[in-house]
Amino acid sequence: MTVITHARRKSRLSRLIDEAGGMSIGVALTQARANLEHLRPRSLAEIASQTSELATITRPANDADLQGALKKVYFLANGVIDAAGPFEMTDICDVASVLCDLIDAAGPDRPFDWRIIPVCSNAIQLLLTLPEDAVEERARIHEGLDLLAARKLGPGPVES
């Protein structure tokens with residue numbers, strides 16, 4: 001019989017907060033936000049890179065390559081989510097999530113519509129260029145994608 005032992009480790013931040021005379025949670029959160037904000041330009045560059053690569057993907061001519069191409073699209077969409085998530089770019093994450101949902105729902109009875117890839121790619125690029133305070137414009141993009149997803153996913157059973 002194999003026994004698995006789990007050794008609990010404390011993070012550096014946890015140790016700093018727990019130590020006598022350590023930093024307060026408020027100070028730790030402020031420092032964490034500042035450190036994270038330094039990574040924002042790198043995150044935006046990663047989102048732009050993943051989105052640009054998404055824009056180049058088209059339906060493979062060979063049916064044998066369909067699954068590989070869909071996996072690549074899924075991987076790129078997840079890369080967008082990974083890069084946008086820590087910075088609370090929920091609208092960008094939502095677009096990439098719609099793309100993943102549509103891939104997940106694809107099957108023999110519901111083939112994937114390859115025209116969706118440039119739609120999602122363009123939506124992400126547009127969201128990247130819009131100022132943060134363009135709430136109405138962002139909402140319109142989101143509504144359009146919700147309609148697209150509802151139309152493509154249809155009334156069939158879809159697992160979340």
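Where a number appears in this text, it was derived from the coordinates with a stated rule and is not lab data. Just so we're clear, the structure is a prediction, and the values are computed from it rather than from any experiment.
Below are the figures for this structure:
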quantity: Whole-number percent relative contact order across segment 10-160, with pairs defined as alpha carbons under 8 Å at least 6 apart; calculated: 21
quantity: Choice from Ile47, Ile57, Ile124 with maximal GNM fluctuation in the chain (Cα, 10 Å cutoff); calculated: Ile57
quantity: Computed lengthening from Leu29 to Leu130, 0.36 nm per intervening residue step minus Cα-Cα distance; calculated: 33.6 nm
quantity: Axial C-alpha extent at least 15 Å, average Kyte-Doolittle at least 1.0 - helices from the chain (DSSP); calculated: 90-105, 116-129
quantity: CD proxy at 222 nm, helix term only [per DSSP H run n ≥ 4: -39500 (n - 2.57); per residue of the chain; nearest 500]; calculated: -21500 deg cm²/dmol
quantity: Equivalent ellipsoid semi-axes, segment 60-140, via Cα gyration tensor eigenvalues times 5, rooted, Å; calculated: 26, 13, 11
quantity: Two-decimal Rg to Rh for the chain - Kirkwood Rh, Cα set; calculated: 1.11
quantity: Straight-distance crosslink candidates among aspartates and glutamates, where the alpha carbon sits under 13 Å from Lys152 and sequence neighbours closer than 8 are dropped; calculated: Asp101, Asp104, Asp109, Asp113
